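A.B. asks: One structure is given below, represented as structure tokens, and several questions about it will come after.
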């Protein structure tokens, strides 16, 4: 499992850099669960950035195993932009992404105990 925690302000370049680092991990092939925590983040973006990020995900994600990606958000604007992941993943057969506002929702989707999600998130804060 990979957990990503973003802080402060992030924009298109930050999303692409974060995803690029993930895709370049030797362990990426075979990763089946990803949790991205965007709670407390301020997103700086233009509408055209959404299509560019989605295109990047579709062309660069090359994991041959099924990947379940949960995105945690806490604001309506973050939820809207987090839908980038769902939009991008619609054309990737082995990728399923959902957006959540609670740890329990993400844990259920990732098929992990809630305690694992909460302990891991505390560890990276």
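A.B. asks: Any residue in the range 43-61 that's farther than 28 Å from residue 27 by Cβ: show its pairings with residues that are outside any helix (DSSP H, G or I) at Cβ separation under 6 Å, as long as the two are six or more apart or on different chains.
C.D. replies: These pairs meet every condition: 44/9; 44/11; 45/11.
A.B. asks: Could you look through the range 86-125, keep only residues that are modelled with pLDDT of 85 or more and in a loop (DSSP other than H, G, I, E, B), and pick out the one that is surrounded by the most Cβ atoms within 10 Å (Cβ to Cβ)?
C.D. replies: Looking at residues that are modelled with pLDDT of 85 or more and in a loop (DSSP other than H, G, I, E, B), I get 112.
A.B. asks: I need a count of the residues in the range 1-18 that are over 21 Å from residue 68 (Cβ atoms) and modelled with pLDDT under 85.
C.D. replies: Matching residues across the range 1-18 total 0.
The values are calculated or read from the model by the stated rules, or taken from the named source; none is laboratory data. These numbers were taken from a predicted model, which means no experiment stands behind them. Here Cβ is always computed from backbone atoms with ideal geometry, including for glycine, and neighbour counts include all displayed protein chains.
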